[in-house]
Amino acid sequence: MVTPNPEAALGTCPFCGETVADRHVLIHYEKASGDQGVWAECPGCQDVIDPVSQPE
């Protein structure tokens, strides 16, 4: 799902723990299960990652 706010937090980097915002998204895709997924560039370590969701 695309959020209109580029600063909206998607989650954190599983490697360095940096917060990943919507503006860091490289690609949105649909998983085999039908769920939406994203790949993003971590602003901290610059790795391409699947952000870990923020706890609600």
query = Which of the residues that make up segment 3-29 are touching a strand residue (DSSP E or B) at 6+ places or on another chain (Cβ under 6 Å) and exposed (fewer than 10 other Cβ atoms within 10 Å of the Cβ)?
reply = Glu7, Ile27, Tyr29
task = Any residue in segment 17-42 that's within 14 Å of Ser53 (Cα to Cα): show its pairings with residues that are of a type in the set (Lys, Arg) and exposed (fewer than 10 other Cβ atoms within 10 Å of the Cβ) at Cβ separation under 6 Å, as long as the two are six or more apart or on different chains.
result = Gly37/Lys31
ask   = Of the residues in segment 9-56, how many are modelled with pLDDT of 90 or more and either touching a Phe, Trp or Tyr at 6+ places or on another chain (Cβ under 6 Å) or not in a strand (DSSP E or B) (or both)?
value = 26
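The values are calculated or read from the model by the stated rules, or taken from the named source; none is laboratory data. Only a predicted model underlies this, so the values are computations on that prediction, with no experimental measurement involved. Cβ: placed from backbone, ideal geometry, glycine included. Neighbour counts: every protein chain shown.
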